[in-house]
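The values are calculated or read from the model by the stated rules, or taken from the named source; none is laboratory data. Everything numeric here is computed off the predicted structure, so don't read it as measured data. Positions of Cβ are generated from backbone atoms using ideal geometry, with glycine treated the same way; all protein chains shown enter the neighbour counts. With ligands, DNA and RNA removed, areas are computed over all heavy atoms of the protein, side chains included. Shrake-Rupley method; radii C 1.70, N 1.55, O 1.52, S 1.80 Å.
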Amino acid sequence: MDDVEITDVDDDSPFRVEKPIRNPDLTSVSQTAGEILSQYGWYMLIVTVLVYLLVQYLSKRRSSQSNNGTAPEILQDAVLVARRQEAMEAARLRMQEELNAKADLFKEKQRQQEEEKRKQKIEMWESMQQGKSYKGTTKLPQNTEEASSSTAVLKPKGKKPLRSADYNPLSGDGGGTCSFRPGRRGPSSGG
């Protein structure tokens, strides 16, 4: 069985498979590109990324300069800032005027109160010089009968007295609830 050999009789058959055509110039280029990528691939990748980032940065910078660099917009911003400052200054001035007006009213009220106090002191002094009470409503009693009647204790109507007449806080009795009480028995609640 080793002696059998198969050969094609018909070389012009329609099912004949041919080898693909190769361009000798492109194969050398692809081989050179493959060698370059294998040796310097990482470096080329890093350089490409850096160039991309640099282009992005420069485009952003250029767009921001073109937006902010126009003269009419700068002039308009300056006018707007000046108007805001003028408005704020006017508001501060109004608030200061209101504060000054309130301070003047307060000072005037204080002067009136001091004047009334001074008048009351003068009236009190004059009434004491004339022998009247400091409120100027009653005179000092002249007779002994008037003196005894004026020393009587006047009780307000409709109100209960706070303490009884015989209350003495130093005596120790009188129904007060303040007395010594011993502490509770039992374990201490310390921790």
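The table for this structure:
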| quantity | calculated |
| --- | --- |
| Hz values of 3J(HN,Hα) by residue in the stretch 111-125 - Karplus curve (6.51, -1.76, 1.60), Gly and Pro given as x | 4, 5, 5, 5, 5, 5, 4, 5, 5, 5, 5, 5, 5, 4, 5 |
| Modelled FRET efficiency - R0 41 Å, Asn67 with Ala90, Cβ distances, 0.05 increments | 0.80 |
| Per-pair calculated FRET efficiency, R0 = 45 Å: Ser133 and Lys107 via Cβ, rounded to 0.05 | 0.85 |
| Accessible area of the stretch 50-121 divided out per residue, in Å², using a probe of 1.4 angstrom | 98 Å² |
| Extension gain (nm, one decimal) between Lys119 and Glu97, 0.36 nm per residue minus Cα-Cα | 4.6 nm |
| Value in Å of the Kirkwood radius, where the stretch 55-123 supplies the Cα pairs that are averaged | 17.4 Å |
| Additional length obtainable on full extension of the chain from Thr32 to Ser59, 0.36 nm per residue less Cα span | 6.2 nm |
